[in-house]
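Participant: I have a structure I would like to understand better, so I am pasting it below and will then ask my questions one at a time.
The values are calculated or read from the model by the stated rules, or taken from the named source; none is laboratory data. Keep in mind that what you see is a predicted model, and the values were worked out from it rather than measured. Cβ coordinates were reconstructed from backbone atoms using ideal geometry, including for glycine residues, and neighbour counts include every protein chain displayed.
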Number of protein chains: 2
Amino acid sequence: MRTIERVADVRAFSRAARRAGRTVGLVPTMGALHAGHLALIRAMVRRTDAVAVSVFVNPTQFAPGEDLDRYPRDLDADRRLAEEAGAHVLFAPPVEEIYPVEPGVWVDPGEPGRILEGAARPTHFRGVLTVVTKLLNAVEPDWVAFGQKDAQQAVLVRRLIDDLLLPVRMWVGPTVRDPDGLALSSRNAYLDAAGRRAAPELYRSLLVGRQLLEAGERRAGEIAARVRARLAATGVLRPDYVAVVAASDLSPVDPVAGRVLLLAAAVLGGVRLIDNLCLEVRGDRVAPSEL
Amino acid sequence: MRTIERVADVRAFSRAARRAGRTVGLVPTMGALHAGHLALIRAMVRRTDAVAVSVFVNPTQFAPGEDLDRYPRDLDADRRLAEEAGAHVLFAPPVEEIYPVEPGVWVDPGEPGRILEGAARPTHFRGVLTVVTKLLNAVEPDWVAFGQKDAQQAVLVRRLIDDLLLPVRMWVGPTVRDPDGLALSSRNAYLDAAGRRAAPELYRSLLVGRQLLEAGERRAGEIAARVRARLAATGVLRPDYVAVVAASDLSPVDPVAGRVLLLAAAVLGGVRLIDNLCLEVRGDRVAPSEL
């Protein structure tokens, strides 16, 4: 597997592949690869002929005071894991390759980028959509993969692709969880032993919401309140938001119907955790759905 | 020459050309083609093998109350002119092809989009950069051409291409003028006979600014004030802004030095006109420059 640092080189790789009749897949990551990333890489390996994994801790999606400096970085481990999963190129540009000058033009997600995670992190999704646009323009892939774990990000990136007519197809891979239910996240590394034991309560609280839906509850506010109460009852998870929204565009749904996301964010010992379930609600029936 | 209405079809045209080893040029226009557009088309014909001219009156760059509804449209004439100039495809999408849903994600030009034209038209350049991104993603050209007449637009599009790593090269064609100096613009059609006679005063006022520079004046404010006074002295042109800025990023330059734009906007009988000169100022020397 090649490691590439320059935009011009990764574009040359991609164009050479396409000229040879091969399709190109991209898995954008911030590194600290875990089994969730590896599932995305393998999905791209199945769908495309030449797979690039980008590792770039994007400064513009972190606000001042967030964890940019301590975000976990281990490029050697990432390289080994990406290669084992079947990737052909690791694209690991230095910051100045992606941001040669102070960013001037931004890709703005609009209102859906200012709710939920965007309410807590106002410039986060502007940074995400801008860097995703840059990475897509650098690599020019046929397919790009994102994880459902960051559901709002996935919805906004899909909207980016649709709205700006970006010539790429998107794959959203299901959330990969530890056996106790905790969604894999590079930020789980911040948890201490007690935090790690408590963290699966976030997922279990979401399951309470699903059970309510399965029992016939359709009031979005009631479901959110019950999930929030379950989180608060842990005594260690401090709920930020809990919401039920349309999976297509994150708009409110009340009564709950159609393909929905049940989303929650909570802070556990200073570590912010997010998780979600994507569910298809049709009449009496509630079934897991893909995002 | 083919006329294409669908994004999928123009992308297929472009990809087929590139697969055959040909380069692709794009001239984005709002139609009502004049000799300025035709010079851009011919420049693309010289530089690339397959040239698409887009004709799309982009609603998102007009504010409510502006001239979207009366903007001149004549697709048959545009088709004839584009073909005579050597274009291979006229891409004339209906609005719903470019905006299938209400725009959600915007490409935001930042501060340089909020000065000069952007001060008078606050959402204008957001609409321009968003539609240019869409057109570039639809056509995927190797080269794209813009006119210097809309200098702020050209500077912002260049910034867009650089900032978002768009895989395209940009050609800025010099302003084409009528023999009396008036810069060609589709909006000149709005002028009545008296307005048309007075309109070249905008260009002549800019020449006053150039003469001041040639005579050694380097104070940006003094040059702008003298050009503004010259415009006002016409009695018919109402000056909006007059400014001398860096051609690279539209930032203020005082004293004037380097590659600069001398820009002016004025209203003449209800018609808003803009024009500019691009000049290289090095010590005592003042020379015309390309944008």
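Participant: Collect the residues in segment B:15-30 that are more than 19 Å from B:Pro94 (Cβ to Cβ) and under 24 Å from the mean Cα position of the chain (by Cα), keeping them in residue-number order. Show your work before the answer.
Facilitator: Residues of segment B:15-30 more than 19 Å from B:Pro94 (Cβ to Cβ): B:15-25, B:27.
Correct list: B:Thr23, B:Val24, B:Gly25, B:Val27.
Participant: Of all residues in segment A:30-69 being in a loop (DSSP other than H, G, I, E, B) and free of Cβ contacts under 8 Å to residues at least 24 places away in the same chain, which is nearest to A:Thr123 (Cα to Cα)? Please lay out each step first, then the result.
Facilitator: First, the residues of segment A:30-69 that are in a loop (DSSP other than H, G, I, E, B): A:30-34, A:48-49, A:56-58, A:62-69.
Next, only the ones that are free of Cβ contacts under 8 Å to residues at least 24 places away in the same chain stay: A:64-65, A:68-69.
On the way: A:Pro64: 10, A:Gly65: 13, A:Leu68: 14, A:Asp69: 17 Å.
Per the stated criteria, the residue is A:Pro64.
Participant: Which one of B:Ala199, B:Ala194 is over 30 Å from B:Val132 (Cβ atoms) and either outside the structural domain of B:Arg226 (by TED's automatic domain parsing) or modelled with pLDDT of 95 or more (or both)?
Facilitator: Exactly one residue qualifies, and that residue is B:Ala194.
Participant: Look through B:Ala264, B:Ala246 and report the one residue that is outside the structural domain of B:Gln152 (by TED's automatic domain parsing), more than 30 Å from B:Gly31 (Cβ to Cβ) and under 22 Å from the mean Cα position of the chain (by Cα).
Facilitator: Only one candidate qualifies: B:Ala246.
Participant: From the list A:Gly31, A:Gly86, A:Gly104, A:Gly110, exactly one residue is within 27 Å of A:Asp249 (Cβ to Cβ) and in contact with a Lys or Arg (Cβ under 9 Å, 6 or more places away or on another chain). Which is it?
Facilitator: Going through A:Gly31, A:Gly86, A:Gly104, A:Gly110 in turn, the sole match is A:Gly110.
Participant: Sticking with this structure for a sec: Could you check how many residues of segment B:1-28 are in contact with an Asp or Glu (Cβ under 8 Å, 6 or more places away or on another chain), of a type in the set (Val, Ile, Thr) and in a strand (DSSP E or B)?
Facilitator: Total meeting the criteria: 1.
Participant: Out of B:Arg187, B:Arg126, B:Arg196, I need the residue that is within 13 Å of chain A (Cβ to nearest Cβ), assigned to a helix (DSSP H, G or I) and charged (D, E, K, R). Which one?
Facilitator: B:Arg126
Participant: While we're here: What number of residues in segment B:92-115 are more than 9 Å from chain A (Cβ to nearest Cβ) and either over 17 Å from B:Arg6 (Cβ atoms) or part of a helix (DSSP H, G or I) (or both)? Break it down stepwise before answering.
Facilitator: So the first thing to find is which residues in segment B:92-115 are more than 9 Å from chain A (Cβ to nearest Cβ), and the list is B:92-97, B:102, B:114-115.
Now restrict to residues that are either over 17 Å from B:Arg6 (Cβ atoms) or part of a helix (DSSP H, G or I) (or both): B:95-97, B:102, B:114-115.
Qualifying residue count, segment B:92-115: 6.
Participant: Sticking with this structure for a sec: Could you grab the pairs with beta carbons closer than 8 Å, sequence gap of 6+ or different chains, first residue in segment A:263-291 and farther than 27 Å from A:Ala120 by Cβ, second one acidic (Asp, Glu)?
Facilitator: If the second residue must be acidic (Asp, Glu), the pairs left are A:Val286/A:Glu214; A:Val286/A:Glu280; A:Ala287/A:Glu280.
Participant: Does segment A:130-181 hold any residues that are part of a helix (DSSP H, G or I), more than 10 Å from every other protein chain (Cβ to nearest Cβ) and in contact with a Phe, Trp or Tyr (Cβ under 6 Å, 6 or more places away or on another chain), and which are they?
Facilitator: Residue satisfying the conditions is A:Ala154 alone.
Participant: Let me ask you something else. Going by what's in this entry, would A:Leu38 be described as within 14 Å of the chain's Cα centre (by Cα), under 14 Å from A:His88 (Cα atoms) and away from chain B (no Cβ under 14 Å)?
Facilitator: Answer is yes for this residue.
Participant: While we're on this one: Under 9 Å by Cβ, and 6 or more places apart or on different chains, what pairs join a residue from segment A:140-160 that is closer than 18 Å to A:Leu38 by Cβ with one that is among the acidic types (Asp, Glu)?
Facilitator: Hits for this filter: A:Gln148/A:Glu290; A:Lys149/A:Asp275; A:Asp150/A:Glu117.
Participant: Among B:Tyr241, B:Tyr203, which is the only one that is of a type in the set (Phe, Trp, Tyr), touching a residue at least 12 places away in the same chain (Cβ under 8 Å), in contact with an Asp or Glu (Cβ under 6 Å, 6 or more places away or on another chain) and outside any loop (DSSP other than H, G, I, E, B)?
Facilitator: Matching residue, one of B:Tyr241, B:Tyr203: B:Tyr203.
Participant: Out of curiosity, is B:Ala82 out of contact with any helix residue (DSSP H, G or I) (no Cβ under 7 Å at 6 or more places or on another chain), more than 14 Å from chain A (Cβ to nearest Cβ), in a helix (DSSP H, G or I) and over 23 Å from B:Ala266 (Cα atoms)? Spell out how you get there, then give the answer.
Facilitator: On the way: out of contact with any helix residue (DSSP H, G or I) (no Cβ under 7 Å at 6 or more places or on another chain): no; more than 14 Å from chain A (Cβ to nearest Cβ): yes; in a helix (DSSP H, G or I): yes; over 23 Å from B:Ala266 (Cα atoms): yes.
Considered against the rule, which asks whether it is out of contact with any helix residue (DSSP H, G or I) (no Cβ under 7 Å at 6 or more places or on another chain), more than 14 Å from chain A (Cβ to nearest Cβ), in a helix (DSSP H, G or I) and over 23 Å from B:Ala266 (Cα atoms), B:Ala82 comes out as no.
Participant: Pick from segment A:83-106 the residues that are under 27 Å from A:Arg121 (Cβ atoms), at pLDDT 95 or above and among the aliphatic types (A, V, I, L, M): which of them is surrounded by the most Cβ atoms within 10 Å (Cβ to Cβ)?
Facilitator: Ranking the qualifying residues of segment A:83-106, first place goes to A:Val105.
Participant: With the structure loaded, tell me whether B:Val227 is without any contact (Cβ under 8 Å) to a residue 40 or more places away in the chain, closer than 30 Å to B:Asp67 by Cα and assigned to a helix (DSSP H, G or I) or whether it fails that test.
Facilitator: So B:Val227 fits the description; yes.
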